[in-house]
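To start, the structure itself, in structure tokens.
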Amino acid sequence: MAGGKLVVPDHPVIPFIEGDGIGRDITGPSQKVLDAAVEKAYGEKRKLVWMEVLAGKKAFEQTGEYLPAPTLEAFREYLVGIKGPLETPVGGGIRSLNVALRQTLDLYVCMRPVRWFKGVPSPIRFPDRVDMHIFRENTEDIYAGIEFMAGSDKAEKLRRFMETELGVDQVRFPESSSYGVKPISREGSERLVRASIRYAIERKLPSVTLVHKGNIMKFTEGAFKNYGYDLAEREFPADTFTWRQYEKVKAEKGKAEADQLLEAAKKTHKVIIKDVITDAFLQESLLHPFDHSVIATMNLNGDYISDQLAAMVGGIGISPGANINYDSGYAIFEATHGTAPNIVGTGKANPGSLILSGVMMLEYLGWDEAAEHVYDALDHTFSKRRVTSDLHAQMEGATLLTTEEFAQEIIANMH
Ligand code: NAD
């Protein structure tokens, strides 16, 4: 990183975790696709230098640890890496390897692009109009893991503290309730929203939607919305126009003037910052997906939204993701599905999710030409209905390919 920007050499070292289960089935084929795209775009000039680092079962078998220190050091040194799915070890004192990686490197954005490829089965009417980019906050919210089980000493202490010190009397069954804490901070909200607005500006995307349940959770989710608007108006006044500004002008000067300002903002390609309540958003995203471009939200909302939106464009086998710290530059791109123990070694695994995560990585490195080659080839491959078993089951007249054959087909379709 230099001056807040990633400096990318022509031969960057990319640490990769193969992953458990189908990780082994999809990693090699995915790397071949990415290598072919880079070669197509840049010839010999640029090349990804893959460096395997260990995590998960493979790491445990070889080193006795699920997440050995050299793996974390490699991600620290090389900044950008990629990983297959990891099984969550049962026992052994580690809650989740994915969570450990995110926390150690403070990867505060979970980024999920949602885009449809021609020919992929979709449950919605206009999948071709879906082009959304989810920025899910990754470190706060109810996911911080601050929970106290009903009946425990800590739950009891907390109950007494709330009743005596805070005057809380609205818990219906206080003695048998478990309690959870939902921290939402200004800093945590701002860095997430800042990253989402910068992304929209850089990619010339029309809007950022702040998704929240602030009508009910006023000081957590409602505060997130306000922090988001504050930040946009303070840090990006020339590049954004907010619904809050619109409402203010409307109240002071009337609707006609507010509408005029909004139209002018759209014409000059300012990013429109809006907000939608979570439940309405879940409907809206199905009915009018084209009204939303970048979505900035907190951890739990982001979890639900990511899966719904993934299902709209073909599901788990082809939805990519990344966990990113836009300040330090650390980024780990990942398949969003799990280890799929039921299909390991059968050739049924769809490498699409990992391939598209790799494409996100190429874009993050600024290698957009290589990324375009993969998008284009995927469009061709899906249009020809040559797919792996998960999509084959849902597509009429499709040809069934194995994991490796599917990857080779994509490479053959790079023009
Ligand atoms: P899963 O994603 O592994 O499987 C759910 C279903 O989707 C299965 O039927 C599976 O066969 C299918 N599937 C998943 N990926 C596929 C692909 N690429 N191609 C074709 N079909 C695919 O979810 P699960 O069964 O709930 O979890 C299994 C293990 O994975 C657990 O140990 C869980 O902790 C772990 N997990 C890891 C991650 C991660 O590393 N990011 C994410 C989710 C689950």
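Key figures
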{"quantity": "When residues of the range 106-132 are limited to those that are open to solvent by 20 Å² or more (accessible area, probe 1.4 Å) and part of a strand (DSSP E or B), the one farthest from Phe75 (Cα to Cα)", "calculated": "Asp131"}
{"quantity": "Residues being more than 16 Å from the ligand (Cβ to nearest atom), open to solvent by less than 10 Å² (accessible area, probe 1.4 Å) and within 23 Å of Gly4 (Cα to Cα) - total across the range 356-370", "calculated": "2"}
{"quantity": "Test for Asp379: is it more than 12 Å from the ligand (Cβ to nearest atom), outside any loop (DSSP other than H, G, I, E, B) and modelled with pLDDT under 95", "calculated": "yes"}
{"quantity": "Per-region count, the range 288-338, residues small (Gly, Ala, Ser) and in a helix (DSSP H, G or I)", "calculated": "5"}
{"quantity": "Candidate set from the range 2-51 (those that are more than 16 Å from the ligand (Cβ to nearest atom) and on the phi > 0 side of the Ramachandran plot); member that is modelled with the highest pLDDT", "calculated": "Gly43"}
{"quantity": "Within the range 382-404, considering residues that are more than 14 Å from the ligand (Cβ to nearest atom) and in a helix (DSSP H, G or I), the one surrounded by the most Cβ atoms within 10 Å (Cβ to Cβ)", "calculated": "Phe382"}
{"quantity": "Output for the range 314-355, where each listed residue is surrounded by 24 or more Cβ atoms within 10 Å (Cβ to Cβ), aliphatic (A, V, I, L, M) and within 11 Å of the ligand (Cβ to nearest atom)", "calculated": "Ile318, Ile332, Ala335, Ala349, Leu354, Ile355"}
{"quantity": "Residue within the range 56-71 that is part of a loop (DSSP other than H, G, I, E, B) and of a type in the set (Ser, Thr, Tyr) present", "calculated": "yes"}
{"quantity": "Given (1) within 22 Å of Met111 (Cβ to Cβ); (2) free of Cβ contacts under 8 Å to residues at least 12 places away in the same chain; (3) within 16 Å of the ligand (Cβ to nearest atom), number of the condition Val90 does not satisfy", "calculated": "(1)"}
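The values are calculated or read from the model by the stated rules, or taken from the named source; none is laboratory data. Computed from a predicted model, the values in this text were never measured in an experiment. We place every Cβ from the backbone using ideal geometry, glycine too, and count neighbours over all the protein chains shown. For accessibility, only protein heavy atoms count, side chains too; no ligands or nucleic acids. Shrake-Rupley method; radii C 1.70, N 1.55, O 1.52, S 1.80 Å.
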